1. Any idea which of (1) in a strand (DSSP E or B); (2) touching a strand residue (DSSP E or B) at 6+ places or on another chain (Cβ under 6 Å); (3) closer than 18 Å to M283 by Cα is the one Y3 doesn't satisfy?
2. Pairs please, first residue from region 274-287 and under 16 Å from I110 (Cβ atoms), second anywhere and in a loop (DSSP other than H, G, I, E, B) and of a type in the set (D, E), Cβ atoms under 9 Å, 6+ apart in sequence or on different chains.
3. So which strands (runs of 3 or more DSSP E) stay within region 16-95 end to end and still have 2 or more residues that are under 27 Å from K253 (Cα atoms)?
4. What pairs come out if I take residues in region 120-140 that are without any contact (Cβ under 8 Å) to a residue 24 or more places away in the chain and pair them with residues that are outside any helix (DSSP H, G or I) whose C-beta lies under 6 Å away, six or more apart or interchain?
5. Counting only residues that are touching a residue at least 40 places away in the same chain (Cβ under 8 Å) and within 15 Å of L6 (Cα to Cα), which one in region 70-83 is farthest from the chain's Cα centre (by Cα)?
6. In the set G151, G67, which member is under 19 Å from the mean Cα position of the chain (by Cα) and surrounded by 21 or more Cβ atoms within 10 Å (Cβ to Cβ)?
7. Sort through E103, E116 and tell me the only one that's closer than 25 Å to N4 by Cα, without any contact (Cβ under 8 Å) to a residue 24 or more places away in the chain and either over 23 Å from the mean Cα position of the chain (by Cα) or surrounded by 14 or more Cβ atoms within 10 Å (Cβ to Cβ) (or both).
8. Going by the structure shown, is I223 within 20 Å of the chain's Cα centre (by Cα), of a type in the set (V, I, T) and closer than 26 Å to I135 by Cβ?
Amino acid sequence: MEYNYLTNTPIETIQQCMQESFADYQLDMSYMTIEVMKHRNAICRNDPDFSVGAFDGSKMIGFLNVGIDSFNNEQVAFDGGTGVIKEYREQGVAGKMFAKSLEVLKQQKIHKFMLEVLQPNKSAISAYEKEGFSISRALKCYDVAIDDFKGKLNELPGIEIKKISVSELEKYWCFIQHPASWEHMLSGLKAVKNEIIINAAFQKKVCVGFIVYTPYLCWITAIGINPDYKSGETLIGYLIGNLFENIEPSRPKISMNNLNEEDKLNNILIWLGFENPVDQYEMVADM
């Protein structure tokens, strides 16, 4: 078995390995085409120079994508996706890929590593804990079909919806009340600024809220409501309903992932008809 950095590995090879690795995964990952993977790599700030592949001869049998960014004023590495083909599991492949990545991370004086893992995946959580990771927070995940959505699909009096740019969104990012997870950070949105939809709600030329949608992933990436606006629940329903009405091509279902457990948005999404199919943990290790 060989372990190599992914600097010169074609994305087609990585995508094929990912599809094989996640064939028995709890969530359906068949949507992860090459174009979607390119988008995901960008929004996760994945860097192939820090990422690792495991090879049995010429066949790639495992991968570890690693993103790099500033988090809480510290340079941090993030597991932007790990997979091992089923027949190669329980052979220490993931641990060896992680160790290979650490070699170059430490050379760059990056001493903190973050990842996200599905809460039901007890074996993975245990394996990460053995590597020094600990749970830093719980993250809630939701999705809703348009037929089950209970919010407004028509106009909300006094509110005008406008598309805005990422640079304008930055002025309103303070509406986010809790730290965003890795893929939902503003720096991630900037990395895919031409591939996302940002709708802002204005009342008398004052921005009262916004919603960010990622068409490639069918994700609502962020929702922010001006704390001075008193009907936040209604506005959130309208922003999502307006999205359902206007996104092209239309989608039967959209998701919103990785909300902090204490975020009030959790209860609002449930009230609007969202379901909670699975949750994740964010885990952190000092290296």
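1. (3)
2. Pairs that qualify, where the first residue is under 16 Å from I110 (Cβ atoms) and the partner is in a loop (DSSP other than H, G, I, E, B) and of a type in the set (D, E), are A285/E131.
3. Filter on region 16-95 gives 74-84.
4. That search, which allows pairs on different chains as well, returns A124/V117.
5. Only one residue tops the list, namely G83.
6. Working: G151 fails: under 19 Å from the mean Cα position of the chain (by Cα).
Result: G67 is the single residue among G151, G67 that is under 19 Å from the mean Cα position of the chain (by Cα) and surrounded by 21 or more Cβ atoms within 10 Å (Cβ to Cβ).
7. Working: E116 fails: without any contact (Cβ under 8 Å) to a residue 24 or more places away in the chain.
Testing whether each residue is closer than 25 Å to N4 by Cα, without any contact (Cβ under 8 Å) to a residue 24 or more places away in the chain and either over 23 Å from the mean Cα position of the chain (by Cα) or surrounded by 14 or more Cβ atoms within 10 Å (Cβ to Cβ) (or both) leaves just E103.
8. Values: within 20 Å of the chain's Cα centre (by Cα): yes; of a type in the set (V, I, T): yes; closer than 26 Å to I135 by Cβ: yes.
The answer is yes for I223.
The values are calculated or read from the model by the stated rules, or taken from the named source; none is laboratory data. Note that the structure is predicted; figures quoted are calculated from it, not measured. Heads up, the Cβs are rebuilt from the backbone with ideal geometry, glycines too, and the neighbour counts pull from every protein chain shown.
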